[in-house]
1. Which shape class, rounded, prolate or oblate, goes with the range A:22-203 when its Cα gyration tensor gives a ≥ b ≥ c as root eigenvalues, a/c under 1.5 marks rounded, and past that a/b bigger than b/c marks prolate?
2. What is the spin-label model distance, in nm, from residue A:399 to residue B:14 if the labels are put 7 Å beyond Cα along the C-beta direction?
3. Determine, for each peptide in A:348-357, A:265-274, the mean count of other beta carbons within 10 angstrom over its residues, then list the peptides with the highest first.
4. Please say if the range B:178-302 is rounded, prolate or oblate, where rounded means a/c under 1.5 for a ≥ b ≥ c the square roots of the C-alpha gyration tensor eigenvalues, and otherwise the choice is prolate for a/b larger than b/c and oblate otherwise?
5. For residue B:307 and residue B:194, FRET efficiency with R0 = 41 Å and r from the beta-carbon atoms, rounded to 0.05?
6. Go through B:70-82, B:120-132, B:243-255 and give me the packing order, highest mean Cβ count within 10 Å leading.
7. Counting only other chains, and only Cβ atoms inside 10 Å, what mean value do you get across the residues of A:258-269?
8. Could you order peptides B:273-282, B:290-299, B:166-175 by the average number of other Cβ atoms within 10 Å of their residues, highest first?
């Protein structure tokens, strides 16, 4: 299918012909693997606070303290897994190791009872996520012709987010039927993880063979990863990430003024996911048309809208819903697209490392943004803080929007 | 991948999936059947009508006896806590009561799970309801029942970020919110500070409807703070103290002490004399106590303790405040104890 897509003339590709899939099978399969895995991980993380405090009688304060550490660990792991995937030329099996680690964490979780063991298990789960993301995105990038990348990542992220929406609802449905059924949720979660793992191992094709004639395994050189084109992108996404303050603050800002937001607070993230789910594919297709790097930058206009709406001195349901939709649109326009862009700015041999580098820069940048914004939040208050970051983002966007197309022009056509 | 190879892989995948679905399904069915049996089984211990001990000095608590009445508010007389429990039909995760009003934090289960603070009359009839932003943790009423506080864990469950914090709110009973204590001015060691990582939890009220004590954590250090509802300030009293509880005579504060500083997983209890500033460290035995203590009288604390290895099963223990006192099992299958001593609104301070 990969080949048949590439063989089609460009004119044909422009129009969507019914009956011919536009997305490689491996992308859909990886999407289903992500869906199953997200049902598994999101169902457990939705009930974890209740389980720790209600059932185990533990303090969440300590848990929250440890949470911060994962982010740093995750960043280091990402880079390592990217290099390992490129060196070994087996991104599938590196991704498998990540999914497998998270799956093993599910098994251990069923037996874990103390805070220390629970912390170890949750850390293992996060490390697994750090390991698998970049190799999986590299497989999507490798299986898709450049002009369809936005659509392919859109399909993948849609499936992924379907899992993230189903997971918490499934978990709460189980607890509804069985009030102390935490272990049942964990067993169900393990089942989903195992099916996802089996799907990846058995049915997702590994890396397509190297072009004929190229017998020698290409060396993975750091120099290739540090391609000037990628460096330009890293600078771009890094600066934008520094102005991405995190959903938690947006929800808290809404909470300050809206009873509606307070009432639905525990579920606001489901609303964001629902918007993301609906918009991931359409925005991916738009990205293919207008340029993916351009979409990545324009997506931040949605983020700017989030800040502005959240800072408005009005409450009510409409404001909350508008914010969630804009936030979902922001993720839909940037999350998969970041991997799509990064994967084409480096030679194919170091693609996973390139994607991992971009995702790491984004993760670290956002962590720094959350920390800095938190200080600002307390210093000047929620509304003023949002206005400050909105102005900064507007200035940056005014500079980068006109230049965003350049990255699209230098991307590899392969 | 050859055609035959693909076929055998598909077969293998279907087999794995069936095993997983069947296994998880069987486990869930078993759990559901057990739950049905629990609901159908008669209570393990005798029960009496919900209002049996109304007007008497009593302990109000969350009943955690496995079965149909798990999680429901119940009471026993203070003079004989082993008497049959008076179990209501009102569910609360955390409960605090005075003779006139009851504060209840509840997880409202459903496919869409939400959390609520409920103001109840003494007979547990609902008077007011306000949404909570996370999992219930602590609630306290002021001694005269005019103020209520709630602490919840806000799990910042956002798509790309997992954060965590507590939210502690003080409300007027029968009235509106006095705000989130995070927005109060904070003075640590005499200096006004505004750290971003602050968390506030575990309020206990004095009897003047203005002063209260609470925990503020910043930079990994939990401080005992004295709060002022009129000035809207929190002022540190001393570090290393969590979940304070003011004694009925107002002279001492019982609180949690971290036995393994920094880790935040292993606590014992201590009692601070507010005049002398001296702390008496108590011995709770090997179990870590993670609860806001409740004063049974001026010399005895009550606290909930989860049973090791049995999720959801808890007991209430008592501990004398003199050095060398040993913990004793006070009430089996109970959680969130609240002492109601009077009939006209005068109650144990921390209840």
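1. Details: a/c = 2.28, a/b = 1.58, b/c = 1.44.
Since a/c reaches 1.5 and a/b is larger than b/c, the shape of the range A:22-203 is classed as prolate.
2. 5.9 nm
3. Working: A:348-357: 28.5, A:265-274: 22.9.
Highest mean packing first, the order is A:348-357, A:265-274.
4. Details: a/c = 1.91, a/b = 1.24, b/c = 1.53.
In terms of gyration-tensor shape, oblate.
5. Numbers: r = 42 Å, r/R0 = 1.01.
With R0 = 41 Å, the Cβ-Cβ based efficiency is 0.50.
6. On the way: B:70-82: 19.0, B:120-132: 15.9, B:243-255: 22.0.
Answer by packing, highest mean first, reads B:243-255, B:70-82, B:120-132.
7. 5
8. Most protected by this proxy first, the peptides run B:290-299, B:166-175, B:273-282.
Every number here is computed from the coordinates shown, using simple stated rules; none is lab data. Because the structure is a prediction, the values reported are computed rather than measured. Note that we place each Cβ from the backbone using ideal geometry, even for glycine, and neighbour counts take in every protein chain shown.
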